[in-house]
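Each remark here refers to the structure printed beneath this line.
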Amino acid sequence: MLLFLFLKNRQLFHFNQILEKAIVLNSSDIHITATGQTAVVKARVHGDLTEIDRYTYSDMLRLISSAYNQFASVNSKDQSYSPHKTHETGIQRTIKNKPYQLRFISKPIYPAGSFDVTMRLIDETISLRLDELGYSDDQIEILTKAMS
């Protein structure tokens, strides 16, 4: 039991490390592709994908499974991760005392057993008003009505 908890915590530590690396780079999302024996982690920075890490396929599968099973929103249709299924969920994480919302999507890819994970990083401390986004008064009125 103690070994299981150690391995689980180690996986979650690595998950948080991936998030921290992407946040330091000011990336908008993280892409993980796990095929064959390898998993490549890339961060999208200013529209370009930059490799930030590599793992073995089996380590990444354990890492993603642990993160999904522990952090996935209670509203997720699946309660446990499988690389053979499509998963979509929200994940809340606090990294360096800042709250982040992750939009997590995982899809199986060819060959069988391979998978892609995309996580959109949303800094929850940033909130912009419609007028700060450049909308005109007329557009703000229309959008405000649509949102109510």
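The values are calculated or read from the model by the stated rules, or taken from the named source; none is laboratory data. Remember, predicted model here, so these are calculated numbers, not experimental data. Note that we place each Cβ from the backbone using ideal geometry, even for glycine, and neighbour counts take in every protein chain shown. Remember, those area values only see protein heavy atoms, side chains included, never the ligands or the DNA or RNA. Shrake-Rupley method; radii C 1.70, N 1.55, O 1.52, S 1.80 Å.
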So how many Å³ per residue does the convex hull of the Cα atoms of the chain work out to? 150
Using Cα pairs closer than 8 Å and at least 6 residues apart in sequence, work out the relative contact order for the chain, in percent. 19
Accessible carbon and sulfur surface of the chain relative to its total accessible area, %, 1.4 Å: 54
Relative to the compact-globule estimate 2.2 N^0.38 Å (N residues), the Cα gyration radius of the range 82-132 stands at a ratio of 1.52
Report the one residue of ILE18, ILE105, LEU61 whose Cα lies farthest in the direction of the positive end of the charge dipole of the chain (charges on C-beta: Lys and Arg +1, Asp and Glu -1; origin at the Cα centre). LEU61
By how many degrees, between 0 and 90 and to the nearest 10, does the Cα long axis of helix 2-24 differ from the longest principal axis of the chain? 40
With everything on Cα atoms, drop me the angle between helix 57-71 and the longest principal axis of the chain, reported from 0 to 90° to the nearest 10. 50
The answer for the chain, accessible area per residue at 1.4 Å probe in Å², is 63
Structure shown: which of LYS96/LYS145; LYS77/LYS145; LYS77/LYS107; LYS21/LYS77 lie over 26 Å apart, alpha-carbon to alpha-carbon? LYS96/LYS145; LYS77/LYS145; LYS21/LYS77
